[in-house]
Amino acid sequence: MTRPDTTFSGPDLCAKSARDVVGLLRRGEVTTADLIDASLTRMDQVEPQVNAVVTRCPDRARTATAARDLLLAGLPIGIKDLNPVSGVRTTFGTTGMADHVPATSDPIVLRLEDRGGVVLGKTNTPEMGAGANTFNAVFGATRNPWNTALNAAGSSGGAAVSLATGELWLGHGSDFGGSLRSPANYCGIVGLRPSPGIAGGSSTHLGFTTGGVDGPMARDVLDCALFLDAMAGYDPIWPISVPAPETPYFETARQDAGRVRIAYTPDLNGFAAVTSEIDNVLRAALDSLRLPKVDIVEHCPDLPRLDETFRALRCLSFLGSYQVTPDSVTRHYKDTIKGNLADARAMTFDDYVQAERDRSAIYNTMATFFQTHDVLACPVNGLAPLPVEIEYPTEVAGRPMRDYIDWLQFAFLATVAGLPALSLPVGYTPSGMPVGLQLIGPPRGEARLLQVAHTLEQALDLPVTLIDPIAG
């Protein structure tokens, strides 16, 4: 088949949405090789300033084959450096695995490749994904392109930055304590933490746990929905995986949302600390959404023992992973991870059982809440990005933070109750940094959540543009 005379420059391609580029691929107007070239050129332009795509695999990508009729049709994508890709250096951000090259790929990577994704690089993450500021001893720190003196959050910081700068069109992320929501918030892109089982499952040795999940990251809601379709579906390798919906998420997200009922809470009933700067941006965005079909009230149900429950689930996950990780790796762990492990060992069986009871109570409360509301809206993080050298804030809005987990409390609810949650760009701080609004949806309610988010996105009409890194 002869390709049309229509040509696209590298910058043109990088600036296009993922869905538009997939359309070009399907029509034969561009090739995967064209996209690889454009992506690599953009990486050369911005990587020295941001350090987001820490390992590239162009030779592997060029030999990959993807039929045009597959969902992603040969689109280059990024994979977080916590998920193995066969033949590609995969470090988990830890010194003990700095030279690790796996022979096999993670199941979510295989699924994405089976659906037309072409892995072009690995994106940076904190050590073992632990921490909400993306830095490690292997690759160093990832910087926020909106101000390179500031952090990009974590642990999917590399993925978020690669999208904001236009190095890649879609980025794989994962989330336990806001690990894809926080970077999406700080970098002005969209990140979705799906319900457990929607996009694959947990690790092979903790297959029935529901705290950590894989999820899609993109520059806007429809691209995020497209990427979720590429991730979704049942596979017996994941014990908790569920079938994909009959109507793709992408199609549902584009449909008229009808009446939208939003409950906003600035602090989850006083549970989480938020600065007036962030609250003001979110309230201004919501005030601009006073549309005939959008009802907004300020409300949040009571969520007792949310902190204790989240911390117990996180301790269980950390200890489960540590027990199957060799000493050659664990002896290099940073102090914060060692502290997490000490916390996990200090807990009792009674503590974990109590957490499961509390978790059920919180879920039941939210199930009742969603009978009268479509989404719970709240901050993603309680403050704007800090200097990249600061691992975590010691206080937020005057409230002391006990540790690096405390400032992530807005992320706890969705994880504990197994709810889908999305970070949607809605405005900017006075200094020009992007701010996202967290939208939490009902159980297995990804389709409705995406539909609502797309409705709000269209109403806000914020520009979706590539960010050239700005020195702070």
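Selection of first residues in region 66-88 that are in contact (Cβ under 8 Å) with a residue 12 or more places away in the chain and closer than 16 Å to residue 167 by Cβ and of second residues that are assigned to a loop (DSSP other than H, G, I, E, B) and among the β-branched types (Val, Ile, Thr), restricted to Cβ pairs under 9 Å at least 6 apart or on distinct chains, gives the following pairs, ordered by first then second residue: 79/90; 80/125; 81/90; 81/91; 81/125; 81/138.
Could you check, for region 204-213, whether at least one of its residues is hydrophobic (A, V, I, L, M, F, W, C) and not in a loop (DSSP other than H, G, I, E, B)? Spell out the reasoning first.
To start, the set of residues in region 204-213 that are hydrophobic (A, V, I, L, M, F, W, C) comprises 206, 208, 213.
Remaining after also requiring not in a loop (DSSP other than H, G, I, E, B): 206, 213.
Looking through region 204-213, at least one residue is hydrophobic (A, V, I, L, M, F, W, C) and not in a loop (DSSP other than H, G, I, E, B).
Remark: pairs (first residue in region 340-362, in contact (Cβ under 8 Å) with a residue 24 or more places away in the chain; second residue β-branched (Val, Ile, Thr) and part of a helix (DSSP H, G or I); Cβ separation under 6 Å; 6+ apart in sequence or on different chains) = 355/309; 358/309; 359/309; 359/416; 362/416. Checked against (1) of a type in the set (S, T, N, Q); (2) touching a residue at least 12 places away in the same chain (Cβ under 8 Å); (3) within 30 Å of residue 234 (Cβ to Cβ), residue 49 passes all but a single condition, namely (3).
Within region 394-408, residues that are closer than 12 Å to residue 381 by Cα have Cβ atoms under 9 Å from residues that are open to solvent by 20 Å² or more (accessible area, probe 1.4 Å) and part of a strand (DSSP E or B) in these pairs: 406/399; 406/400; 407/395, counting only partners at least 6 apart in sequence or on another chain. Restricted to region 218-333, the set of helices (runs of 4 or more DSSP H) holding at least 3 residues that are open to solvent by less than 10 Å² (accessible area, probe 1.4 Å), among the acidic types (Asp, Glu) and on the phi < 0 side of the Ramachandran plot is empty. The set of residues in region 79-119 that are aliphatic (A, V, I, L, M), open to solvent by 30 Å² or more (accessible area, probe 1.4 Å) and not in a loop (DSSP other than H, G, I, E, B) comprises 97, 110.
When you scan region 349-372, how many residues do you find that are open to solvent by 70 Å² or more (accessible area, probe 1.4 Å) and not in a helix (DSSP H, G or I)?
At the first step, the residues of region 349-372 found to be open to solvent by 70 Å² or more (accessible area, probe 1.4 Å) are 349-350, 356-357, 363-364, 368, 371-372.
Next, from what is left, pick out any that are not in a helix (DSSP H, G or I): 371-372.
Total satisfying the criteria: 2.
Taken across region 237-249, residues that are of a type in the set (A, V, I, L, M), without any contact (Cβ under 8 Å) to a residue 24 or more places away in the chain and more than 27 Å from residue 13 (Cα to Cα) do occur, with at least one present.
The values are calculated or read from the model by the stated rules, or taken from the named source; none is laboratory data. Since this is a predicted model, take the numbers as computed values, not measurements. All Cβ positions, even for glycine, are placed from backbone atoms using ideal geometry, and neighbour counts span all protein chains on display. Ligands, DNA and RNA are excluded from the accessible area calculation, which covers all protein heavy atoms including side chains. Shrake-Rupley method; radii C 1.70, N 1.55, O 1.52, S 1.80 Å.
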